[in-house]
Every structure is written in structure tokens, then in C-alpha cells.
Amino acid sequence: MTEATIEVRGLRKRYGPLAAVDDLSFTVRPGRVTGFVGPNGAGKSTTMRVIMGLDRPDAGQALVSGRPYAQLPVPLCEIGALLDPAACHPGRSATDHLRWLAHTAGLPERRIAEVLTAVGLTDVARRPTGGYSLGMRQRLGIAVALLGDPPVLIFDEPVNGLDPQGIRWMRGLLNSLAAEGRAVLVSSHLMRELEGVADHLVVLSRGRAIADTTVAELIESVARGRVELRTERREEALAALTALGATVAVTGDDSLTVAGLPAERVARALAERSVPHRELGPHRPSLEEAYMEISREAVEFEPADLPFPGEVAP
């Protein structure tokens, strides 16, 4: 039996002079949630469209469980995807929308009720979807992805439009799908949502993968050599540490993160200036911090040439 995976191999896709995806390779493996992240224009949407057979690559290939999408015998039962929550006729009910999809794949009628219950749309299932909120359309798109009970799933910004309760539900759903042995790819701009869900990350920049690693390894690579401290005399601490060549980030009213000096040297520098401090130790960045660090040079559109928030360099 072929393992449930997504394999992207040497993928290239151009739109005129623009290289949307450039020699991209990565694998989404079963039993884990893989986060798919990068700045706007990095190539995420193009890659997902190629995987789903909606765009044809100029070179390379994207395989679902070892085969291109076009060669899957019953695609809905091999891979489910939420790419566009608005991909439903506004005059059609959720039930009817799912019914015609189920019919194309030879799925039983009961499966429609099962996925509507799973996403919490049973009470509004017969209402025209044109009156749905963004969050309700998101839930319908998730129901479509789950309809064929596929072993491979793609979700593009799945928490967009969901309220806090819906976001919590989505986290649990993603974790449960991976725990069942499915391969799950999730594209998101919300690092805080991925941090509690994703096991692995593929980070894109200008169509290329700049990181393909576990979440823990990514955070550790950014944390290495940094220390964190708390002090009531923040400005004096900043002056003392930057004078020694350290890069210091303000991370709170009384907290600083220091790069470029070991903890022992930080403590000595503050003692020499009689600056009291506490909780001096290794810094463990959030996933959002780690992502911002490695993708800082990859942002295509910036509002202004500003320093990294809170950062003071020598």
C-alpha cells in the first residue's frame, strides 16, 4: 500500500518573467501536521494549486501518495483541500453542495450528514450559502475537504474568519487528523496558531524553501546563544549591553533579549554598572519570533525601512 504523502520534487512555475516557484522540494508525511509558511508572494498558493492539479508546473512534479493529482482514480477520496471558502454557488445550500460532490465520487448519502455534523453546520445546512458568514463558509470548505475521508489534506488559512471557539476547534481537528495517520499540510500567516499544532515547518521565500525542519529545531536554531533577563532599569541595561556590541531586543516592560554576549558576560556587565536584574537565562523564542528571524530578508512588500520591532543594535 502506498504511503499517504505529498511529495514536491524540483517544482518550477513561472508567470511571465516572475518565478512563483523555483526548484522547490519537500515532503508532507503521514501522522503529522506540516505548516506551510512564508511572506506574501512566496509561492505557497501556486504550490498548493499545482498539487491539486489546478496549475501545470513548468518543471518538476507534485505527487499525492506517489501519483500526480490527474492520475488519482477518485481524487476526493485521496486528497481533500480547502483552498477557497467561496467556491460554492451562493444560491445552493450546504447539503446540496456536498451532495453533488459526493455523487461524483460515489459516496453514500450518510457521509454528507457526518461531515456537516463534524463541522457544526447541521442547523444551517439547508440555507443558501450566499447568506453564510466567512466563518461558516470556512467550515463548509472544511466539510468538503473531509467528505471523501482522504488520507491527505491541505488547508489554506483554515482559521480565517473563525471565532475563538472555532479556532480552538480547528486546532483539535488538525491534531486529531494527524493522530489518525493522515498527512496534513496547513498554510497560515498566524504563527501562534501553528505553534500548538504543527510538528514540521516548510518556510518559503521567493519560491524556494529556506527552512524544512521541525518546529523544535527551528526555534532552537534561533534561540542559540541568546539570553533573556528582567530588570526594572531597562534603559541602563540597554546602554550597558549595546556598548559591548550586543544586539538587544525589548520584549516587555521589564524584559530584554540579548544576542552576541554569553549569560556570564551579561551578568558581569550589569553588575559593573550596578544595574539590578533577575531571571537571567536562555531565551526560548516563540514560533512567531523564530519565523520572523529567518524570513526577515524575504519580505517582498514593506511599508517602510524600519528596524525590527523593539531591537536596538550597536
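Computed from the coordinates by the stated procedures, all read-outs in this text should not be read as laboratory data. What you see is a predicted model; the values in this text were computed from it and never measured. Cβ: placed from backbone, ideal geometry, glycine included. Neighbour counts: every protein chain shown.
Summary of values
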| quantity | calculated |
| --- | --- |
| Residue range of the chain that is longest and free of trypsin sites (Lys or Arg not before Pro) which are both DSSP loop and sparsely packed (at most 12 other C-beta within 10 Å) | 1-125 |
| Potential extension, GLN61-SER221 segment - 0.36 nm per residue separation minus Cα distance | 54.6 nm |
| Full-stretch length increase - ARG278, ASP123 - with 0.36 nm per residue and alpha-carbon distance subtracted | 50.4 nm |
| Per-selection Kirkwood Rh - the range 143-285 (Cα, Å, 1 d.p.) | 18.1 |
| Which of TRP100, TRP169 has the fewest Cβ neighbours within 10 Å, and the rest in rising order | TRP100, TRP169 |
| Per residue Cα convex hull volume in Å³ - calculated over the chain | 160 |
| Gained length - LEU190 relative to MET292, 0.36 nm times residue gap less alpha-carbon distance | 35.6 nm |
| Which of TYR132, TYR69 has the fewest Cβ neighbours within 10 Å, and the rest in rising order | TYR69, TYR132 |
| FRET efficiency for GLU114 and THR214, using Cβ-Cβ distance with R0 set to 45 Å, rounded to 0.05 | 0.85 |
| Computed FRET value (nearest 0.05) for THR2 with ASN160, which takes r as the C-beta separation and R₀ as 30 Å | 0.40 |
| Lys, Arg +1 and Asp, Glu -1 on Cβ, resulting dipole of the chain about Cα centre, debye, nearest 20 | 780 |
